[in-house]
1. Within the stretch 45-91, work out how many residues are of a type in the set (A, V, I, L, M, F, W, C), touching a residue at least 40 places away in the same chain (Cβ under 8 Å) and surrounded by fewer than 19 Cβ atoms within 10 Å (Cβ to Cβ).
2. Can you name every residue in the stretch 18-40 that is in a loop (DSSP other than H, G, I, E, B) and at pLDDT 80 or above?
3. Between ALA40, ALA31, which is buried (at least 17 other Cβ atoms within 10 Å of the Cβ) and either without any contact (Cβ under 8 Å) to a residue 40 or more places away in the chain or basic (Lys, Arg) (or both)?
4. So for the stretch 83-97 (the condition being at pLDDT 85 or above and either part of a helix (DSSP H, G or I) or under 17 Å from PRO18 (Cα atoms) (or both)), does at least one residue qualify?
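The values are calculated or read from the model by the stated rules, or taken from the named source; none is laboratory data. Quick caveat: nothing in here was measured; it's all calculated off a predicted structure. A quick note on method: Cβ atoms are made from the backbone with ideal geometry, for glycine too, and the neighbour counts reach across all protein chains shown.
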Amino acid sequence: MHEERHQDRYAACSTKTPSSAPIPACQLKLAGERGYKVVADIKYRSNSPSLSAEVQQLKAANANVLMPSSYTTDGILLVKTMAELGYSRTRSSRRTLDFPKKRSMMRSATSSKA
């Protein structure tokens, strides 16, 4: 069992597509299992012209670690919007959570949902 982490507040931000659904589900499951506080799970339409509302939700949730899952163009827009709106208190989640590198581990983490 992992001890309670310091003040890290995690948020997932991903596209609303069936193929991307397992990624944030796995990220949030692992974050919770490791004692991190999950504060938001934000979904957006791929190729959105703006992600301002989503970044405002991240700011309101006061997440300091962001776990994005997006296509390249959406990721670029997300980072640009974060900079424009002054939201930059994020760290890399991969190293922090020690995410499994194998897809089979991700599938098993998401398949245990009842």
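1. Here is the first cut: in the stretch 45-91, the residues of a type in the set (A, V, I, L, M, F, W, C) are 51, 53, 55, 58, 60-61, 63, 65-67, 76-79, 82-83, 85.
Subsequent filtering for residues that are touching a residue at least 40 places away in the same chain (Cβ under 8 Å) retains 58, 61, 63, 65-67, 78.
Going one step further and asking which of them are surrounded by fewer than 19 Cβ atoms within 10 Å (Cβ to Cβ), we end up with 61.
Residues flagged as of a type in the set (A, V, I, L, M, F, W, C), touching a residue at least 40 places away in the same chain (Cβ under 8 Å) and surrounded by fewer than 19 Cβ atoms within 10 Å (Cβ to Cβ) within the stretch 45-91 amount to 1.
2. ARG34, GLY35, TYR36
3. Working: ALA31 fails: either without any contact (Cβ under 8 Å) to a residue 40 or more places away in the chain or basic (Lys, Arg) (or both).
Selected residue: ALA40, the only one of ALA40, ALA31 that is buried (at least 17 other Cβ atoms within 10 Å of the Cβ) and either without any contact (Cβ under 8 Å) to a residue 40 or more places away in the chain or basic (Lys, Arg) (or both).
4. Taking every residue of the stretch 83-97 in turn, at least one turns out to be at pLDDT 85 or above and either part of a helix (DSSP H, G or I) or under 17 Å from PRO18 (Cα atoms) (or both).
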